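Engineer: The structure's right below; bear with me while I get my questions together.
The values are calculated or read from the model by the stated rules, or taken from the named source; none is laboratory data. What you see is a predicted model, and the numbers here were worked out from it, not measured in a lab. A quick note on method: Cβ atoms are made from the backbone with ideal geometry, for glycine too, and the neighbour counts reach across all protein chains shown.
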Amino acid sequence: MQRQRKAIESQLCDLYAQEDQILTAMCESGRSEPTAKESETLEAIRAQMKPLKQERDRLDAITKEQVSAIGKAEFAKEENAMNTKVPAKAIASKNTLFASHQDAYDVGQWARAVFTGSEQAYDHCRDRGILNAMSTTSNPAGGFLVPEPLENAIIELREQYGAFRQNASVVQMGDAVMILPKVAGEVTSYWVGEAATITASDATVQQVKLDAKKMATLTTMSSELSEDSVVSVAELLARSVAYSFAVSEDQAGFNGDGTSTYGGIVGLSGALAAGSKITATSNLTFGALTFANFEAVVGKCKRYGLNQKWYISRAGWANSMQRLMNAAGGVTMAELAAGAQPSFLGFPVVWSEVLESRTTGTTGATACYFGDLQAGAYLGNRRGVSIAIDGSRYFEQDVLALRATQRLDINVHDRGDATNAGGLVALVFG
């Protein structure tokens with residue numbers, strides 16, 4: 001049946017080409033109407049097209065019914081196999097990316113269709129509505145829509161992996177450039193007597209600009225690997241893209257210096273003014289930091305928000321905060337084994353591996369940050385994650401190119417000034 005349909009499509013393509021040749025000749029000669037001979041030829045061409053189109057539609061209807069029945073049967077078989085071989089509890093714990101077995105199966109079939117060109121998988125995708133109707137099985141470059149469960153998995157994982165995205169104020173950008181208000185100065189309150197005149201005061205409002213920038217990743221995947229384990233490959237792709245995006249966001253949000261390396265974004269490292277920095281004088285490593293250093297940071301930070309946290313690398317945490325707490329005593333083995341959210345001086349600790357992690361030789365580097373990132377920084381989403389697949393660029397190597405992109409911007413607006421700290425403060429080795 002597939003061969004019949006392809007033969008019909010081939011005949012239709014030839015007829016469309018003949019029709020297009022006549023219409024092109026009309027346009028080039030500046031005529032709006034065909035000649036008598038051209039009209040006769042066009043009528044003959046369209047008369048040949050009509051039965052071919054009807055037969056193609058009839059075959060499509062039959063195929064759709066067959067694919068639907070086969071797809072349901074195969075999915076039921078897959079469900080039954082999973083449920084009989086693996087306990088339900090184990091399935092739920094293993095399936096960390098997708099919300100259901102149906103989602104996992106759909107993504108696996110999408111991967112088979114794209115990576116291996118499987119016609120059976122192609123038919124499943126078409127039946128499930130995750131295939132562009134204008135595509136063919138030989139066009140992995142643009143015919144396949146990314147399944148929603150896969151895109152959702154990437155977005156959710158990116159939010160789990162990224163420390164900056166989890167804690168900054170995330171806004172949806174309605175345009176490529178977005179202006180947001182920021183209160184820079186509050187109104188003034190006065191004690192007044194009965195019938196006394198109240199002194200007027202105004203809040204000072206500044207503007208914060210978000211200008212969407214594109215982040216992208218490109219990787220390749222061999223067709224042999226894809227054929228061996230398509231669902232695992234789809235999971236690997238989701239995790240890899242999500243982790244890559246999250247790390248790049250953290251690098252820009254924490255370490256951005258405004259250069260192209262960070263998409264032109266100025267993060268905490270470059271944004272905070274001198275008044276928002278505390279120098280740990282004569283303490284040049286994590287192992288030398290003291291309680292007094294960290295207490296000075298807390299004391300310097302303005303409480304503009306209610307979500308103040310520490311931001312530090314895991315190695316930095318272990319060699320400074322955890323070391324100090326262990327030396328201070330009072331921690332039981334039961335508490336150490338509980339694995340609770342780490343905290344220090346009464347505030348939660350957030351780990352990010354893009355922050356300083358060297359235990360020696362860190363002179364002048366930022367040991368950690370403290371404050372309310374949600375109140376002090378915006379992360380603007382212009383567009384979600386988009387994935388494209390191309391099988392032509394590395395044709396001679398028999399591999400596929402996978403490209404993922406997203407558009408966003410980060411603006412750290414609570415910077416303090418030369419003498420006064422804002423709601424975010426950095427502890428710097430000195």
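Engineer: Is the stretch 400-416 home to any residue that is surrounded by fewer than 23 Cβ atoms within 10 Å (Cβ to Cβ), touching a strand residue (DSSP E or B) at 6+ places or on another chain (Cβ under 7 Å) and among the aliphatic types (A, V, I, L, M)?
Structural biologist: yes
Engineer: Specify the residue that is farthest from the chain's Cα centre (by Cα); the eligible residues are those in the stretch 33-89 that are among the polar types (S, T, N, Q), at pLDDT 65 or above and surrounded by fewer than 13 Cβ atoms within 10 Å (Cβ to Cβ).
Structural biologist: Step by step, filter the stretch 33-89, then rank; the result is Ser39.
Engineer: Restrict the check to the stretch 270-277 and report whether at least one residue is closer than 19 Å to Phe370 by Cα, out of contact with any strand residue (DSSP E or B) (no Cβ under 7 Å at 6 or more places or on another chain), part of a loop (DSSP other than H, G, I, E, B) and of a type in the set (A, V, I, L, M, F, W, C).
Structural biologist: yes
Engineer: Looking at the stretch 335-414, what strands (runs of 3 or more DSSP E) fall wholly within it and have at least 3 residues that are closer than 23 Å to Val177 by Cβ?
Structural biologist: 377-390, 399-412
Engineer: A follow-up question, please. Which residue out of Ala292, Ala318 is over 31 Å from the mean Cα position of the chain (by Cα) and part of a helix (DSSP H, G or I)?
Structural biologist: Only one candidate qualifies: Ala292.
Engineer: Here's something else I'd like to know. Could you give every pair whose Cβ atoms fall below 7 Å, whose first residue belongs to the stretch 122-138 and is closer than 20 Å to Glu9 by Cα and at pLDDT below 75, and whose second residue is among the aliphatic types (A, V, I, L, M) and surrounded by fewer than 18 Cβ atoms within 10 Å (Cβ to Cβ), counting only separations of at least 6 or pairs across chains?
Structural biologist: If the second residue must be among the aliphatic types (A, V, I, L, M) and surrounded by fewer than 18 Cβ atoms within 10 Å (Cβ to Cβ), the pairs left are Leu131/Leu145; Asn132/Leu145.
Engineer: Residues Ala426, Ala388, Ala318, Ala327: which one is out of contact with any helix residue (DSSP H, G or I) (no Cβ under 6 Å at 6 or more places or on another chain), modelled with pLDDT of 95 or more and of a type outside the set (D, E, K, R)?
Structural biologist: The conditions single out Ala426.
Engineer: Here are some residues: Ala274, Ala292. Which one is among the aliphatic types (A, V, I, L, M), over 16 Å from Ile312 (Cα atoms) and without any contact (Cβ under 8 Å) to a residue 60 or more places away in the chain?
Structural biologist: Residue meeting the stated conditions: Ala292.
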